[in-house]
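Participant: Supplied in structure tokens, the structure appears directly below.
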Amino acid sequence: MNTEIDYVDNSKRYYIDNKEKIIKQFNSLIKAAKNVDLAIYGELNADFIEKQARIEFEDILSRLPYVGGDKSPFTSLMIQSAGTIALYRATKSLNLSEREIGKMIYEIAESYAQSISSVKKWIYRRAIFSKKMKNYWREWLKESRKRVYLENWTGDFIESDGKTFDYGINFTECGWMKLIHNEGAEEIAPYACLCDYARMRAVGVGFKRTKTIAAGANICDFRFIQNYQTPRGWPPESLEENKTS
């Protein structure tokens, strides 16, 4: 069996074979985006952003890198990244500043995360600190270091220090940064990283980070903490990861 040919075939086929499901997920993001855009930019611009974002998203899907398909937790991250770039590109014609676009993307992530059902939020809160989830991430991060997929995330599982956090992940390579480099959208990277705070805060999971690759650090140090209130990710200057010494 030619492994290289299998990999190429999979990378070309996965997003095409799953396009209907992926677009359905993207529709939920677009719904949240339209709620935010209507309030800020009015119906005409909101309709334009929606239409353009759909075009951009399908275009990016045609070249989105394969990182393991349904078995990999990084696939959903890659698809989310594609959605963020699509929204970013759709808003560029409105002559907004990078910060204005960054704020809009953060507020869309916040709206989207808040729309998740209370049952799903409860399930996620229970699962994320479970022994099963910790083992899951240990194995996947160990696998990531083999670098089977070069456009993937790579990192290390960090055990609890017994005091300040329950467990963590140090990402040493970021699939998001690789994707936006390939797509020429580097300027939006630090703002999109703030969406992690929007998601964790909305579902009630304690989350901290002190540095990111997007801001020039060598790692992204994710830390998950029970009984901790995740701060809002906007404005970015309020976060420890963006404070200068």
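Participant: Amide H to amide H under 5 Å from LYS211: which residues, 5+ apart in sequence or cross-chain, H placed 1.01 Å off N in plane?
Facilitator: When sequence neighbours closer than 5 places are left aside, the close amide H contacts are ASP221.
Participant: Say the cut-off is 23 Å between C-alpha atoms; which of LYS120/LYS146; LYS31/LYS208; LYS121/LYS208; LYS21/LYS120 go over it? Don't jump to the answer; show the numbers that get you there.
Facilitator: Values: LYS120/LYS146 32 Å; LYS31/LYS208 28 Å; LYS121/LYS208 19 Å; LYS21/LYS120 19 Å.
Check vs 23 Å cut-off fails for LYS120/LYS146; LYS31/LYS208.
Participant: Also, I was wondering about something else. Would you work out the charge dipole size for the range 138-220 about its Cα centre, treating the Cβ of every Lys and Arg as +1 and the Cβ of every Asp and Glu as -1, and quote it to the nearest 20 debye?
Facilitator: Values: 12 positive and 12 negative charges, 43 e Å.
So the dipole magnitude of the range 138-220 works out to roughly 200 debye.
Participant: Same structure, new question: Among VAL67, GLY168, TYR41, whose Cα lies farthest out toward the positive end of the dipole of the range 3-242, if unit charges sit on the beta carbon of Lys, Arg (+1) and Asp, Glu (-1)?
Facilitator: Value computed over the given set: GLY168.
Participant: Under 5 Å between amide hydrogens, which residues at least 5 positions from TYR167 or on another chain qualify, with H placed 1.01 Å from N in the peptide plane?
Facilitator: Counting only residues 5 or more places away or on other chains, the set is PHE224.
Participant: Through the Karplus equation 6.51 cos²θ - 1.76 cosθ + 1.60, θ set to phi - 60°, convert the phi angles of the range 189-202 into ³J(HN,Hα) values in whole Hz; use x for Gly and Pro.
Facilitator: 3, x, 6, 5, 4, 5, 4, 4, 5, 4, 5, 5, 5, 5
Participant: With Cβ to Cβ distances under 13 Å as the rule, what net charge do the other residues near LEU77 carry (K, R +1; D, E -1)? Walk me through the intermediate numbers first.
Facilitator: On the way: positive: LYS178, ARG199; negative: GLU151, GLU173, ASP196.
Combined, the nearby Lys, Arg, Asp and Glu give -1.
Participant: Continuing with the same structure: Gaussian network model of the chain, Cα springs within a sub-10 Å range: biggest mean-square fluctuation belongs to which of LYS163, LYS146, LYS21?
Facilitator: Of LYS163, LYS146, LYS21, the most mobile in the Gaussian network model is LYS163.
Participant: For the range 155-223, go through all pairs of different Cα atoms, get the mean of 1/r, take its inverse, and jot down that Kirkwood value in Å. Write down the numbers at each step before the final one.
Facilitator: On the way: mean 1/r = 0.0773 Å⁻¹.
It works out to 12.9 Å.
Participant: When the helices in the chain are scored as -39500 (n - 2.57) per DSSP H run of 4 or longer and the sum is shared across all residues, what 222 nm value do you end up with, to the nearest 500 deg cm²/dmol? Present the calculation step by step, with values, prior to reporting the outcome.
Facilitator: Values: 9 runs with 142 residues, N = 245.
Value at 222 nm, helices only: -19000 deg cm²/dmol.
Participant: While we're looking at this one, here's another question. Using θ = phi - 60° and the Karplus relation 6.51 cos²θ - 1.76 cosθ + 1.60, list the HN-Hα couplings for the range 148-164 in order, rounded to whole Hz, with x at every Gly or Pro.
Facilitator: Listing the rounded values in order: 5, 10, 5, 8, 7, 7, 9, x, 10, 7, 10, 6, 4, 8, x, 9, 9 Hz.
Participant: How large is the charge dipole for the chain, taken about the Cα centre, if only the Cβ atoms of Lys, Arg (+1) and Asp, Glu (-1) carry charge, to the nearest 20 debye? Before the final figure, lay out each step's value.
Facilitator: On the way: 37 positive and 33 negative charges, 198 e Å.
It works out to roughly 940 debye.
FYI, it's all coordinate maths here, none of it is from the lab. On a predicted model such as this, the values are computed, not experimentally measured, just so you know. Here Cβ is always computed from backbone atoms with ideal geometry, including for glycine, and neighbour counts include all displayed protein chains.
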